[in-house]
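Here is the structure we will look at.
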Amino acid sequence: MSAGLDPYRDWLRSRLSEELGVREAQLVIQAAVQRRGWPAVRTLGPRDVVAVLQDVYEKMRERVGDGRADKWLEVTTVDLARFAATVPVPAEGSAGEGLPTPPPVRWGRRAHDLPLLLARAHAEIAARSLSAIRASPVMASLERAAEWDVQATLAEVRRWETEDRLTRLRSDHARLEVADQVAAAVAQGQVLRLTVRELESAARGGQAVDGQLAHNRLMSTQTDAFLETFTPLIDLTDADRPFPDVETDLDSARFSLGVPLHPNVLRARHALNYAQWQAGDAGDASPGVLHAQHDLHLAEHDARDQLEGTLDSARRHQAQFRTLAVKATGLDQRASRLASSGGDPLSVARIRLEWRQTRSAARIQAHRCLEALCMLDGLISEA
């Protein structure tokens, strides 16, 4: 490998040595490896480097203060992103050794099974090709392009595996969201029954409430019909499940590596390296290389737009969830206080209905945030 057998470890050691000295930099890396249970000979990738950098950042905050530590982390992660855009993560295995064959995909009837099967086949082929190229001095100049091919095919596998996870995640979310709606309908039914009872009493007292009474009776009948249909289909206790944890730091340094690790960018970078190999002595002036450079620029632009859009969506859903979750807690406490102090049943029922509706809205925002995070993880993770 032109970049060395473990280029990200070498980069990390060099970068930390500037700040900590050579010996302490090596000790920091070894401690991070041991603490996380990684194999001692594990080849590091961008994500591993980010984890170590964040360890160092915490130490620097104690030593030099938040301001300098924040600036150091910002500059270092930008430099790491640039490094990741030019150096592929080393594939496992050495020259002459066959790489492990991925397990066969379990066949199913879903639409994305075939693309996932094909993606895994392409990844296996790319890994075998890289192994063969490393073993052949004649093809040595193709090694770098082959490394990017491995990176790109693995990213494509990750893309389709993410689609599979998203499908299952959305199915689970839909089940819980329907349970929330049914629970809200139960609360609404209680409000309507108490309202009808109150209006009937008012009508007996001579008040002109016939229109309101007829409307609330109709609404009550429709709500009962809805519950008769949907209550047998769900587990109503799902509506009382705690909210999922969405307190992810969306400003984390790990997202700075999103563009270089995007599947489309990795594929475009492989195409550029292959074009450079084909160009030979013509170098970067070759029309093929110029075209590949243009395609890489477009891929990076599109990837940046997609990742920033997805990240902004996750931030928006996270913020809306926090607001709604606080509101739901306040409504729950208010209903409990009113009920314990002898408040009238209709007022308590109305607060309980608003609480159910607010919980439902909060859970939806949490689910959309988790789905956005799942998509991000599938696009930017190298593992």
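We did not get these values from a lab; they are worked out from the coordinates using the rules stated. Computed from a predicted structure; not experimentally measured. No Cβ is skipped: glycine too gets one built from the backbone with ideal geometry, and neighbour counts run over all protein chains shown.
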Label-point separation in nm, VAL209 to ARG165, each point 7 Å along Cα→Cβ: 5.5
For the chain, what's the relative contact order in percent, using C-alpha pairs closer than 8 Å and at least 6 residues apart? 19
In sequence order, what are the phi-derived ³J(HN,Hα) couplings for the range 205-220 according to the Karplus relation 6.51 cos²θ - 1.76 cosθ + 1.60 with θ = phi - 60°, rounded to whole Hz, with x for glycine and proline? x, x, 6, 8, 10, 4, x, 4, 5, 4, 5, 5, 5, 4, 4, 5
Förster-model FRET efficiency, 51 Å R0, ARG304 and ARG197, C-beta, rounded to 0.05: 0.30
Report the charge-dipole magnitude of the range 267-307 in Debye, nearest 20, computed about the Cα centre from +1 at each Lys and Arg Cβ and -1 at each Asp and Glu Cβ. 120
What does the convex hull of the alpha-carbon atoms of the chain project to on average, in nm²? 28.0
Which FRET efficiency value, to the nearest 0.05, do you get for ILE125 and GLN34 by plugging their Cβ-Cβ distance into 1/(1 + (r/R0)^6) with R0 = 56 Å? 0.95
Using label points projected 7 Å from each Cα along Cα→Cβ, tell me how many nm separate MET219 and LEU118, to one decimal. 5.3
Let's test this: bin the Cα-Cα distances of the range 125-258 at 5 Å from zero up to the farthest pair and state each bin's percent. 2, 8, 10, 9, 9, 8, 8, 7, 6, 6, 5, 5, 4, 3, 3, 2, 2, 1, 1, 0, 0
Sequence gap at least 6, Cα distance under 8 Å: using those rules, report the relative contact order of the range 113-162 to the nearest whole percent. 52
Using only alpha carbons, build the gyration tensor for the range 113-162 and give me the equivalent ellipsoid semi-axes, biggest first, whole Å. 24, 10, 5
Note down, for the range 304-375, the three equivalent ellipsoid semi-axes (square root of 5 times each alpha carbon gyration tensor eigenvalue), biggest first, whole angstrom. 35, 9, 7
With +1 on each Lys and Arg Cβ and -1 on each Asp and Glu Cβ, and nothing else charged, work out how big the dipole of the chain is about its Cα centre, in Debye to the nearest 20. 900
Once the other residues with Cβ under 10 Å from the Cβ of PHE255 are scored (Lys, Arg +1; Asp, Glu -1), what is the net sum? -2
With θ set to phi - 60°, apply the Karplus curve 6.51 cos²θ - 1.76 cosθ + 1.60 along the range 14-21 and write out the HN-Hα couplings as whole Hz, x wherever there is a Gly or Pro. 5, 5, 6, 4, 4, 9, 10, x
Please report, in cubic angstrom per residue, the volume enclosed by the convex hull of the alpha-carbon atoms of the range 163-380. 158
Take the Cβ-Cβ distance between GLU74 and SER341 as r, set R0 to 41 Å, and report the resulting FRET efficiency rounded to the nearest 0.05. 0.15
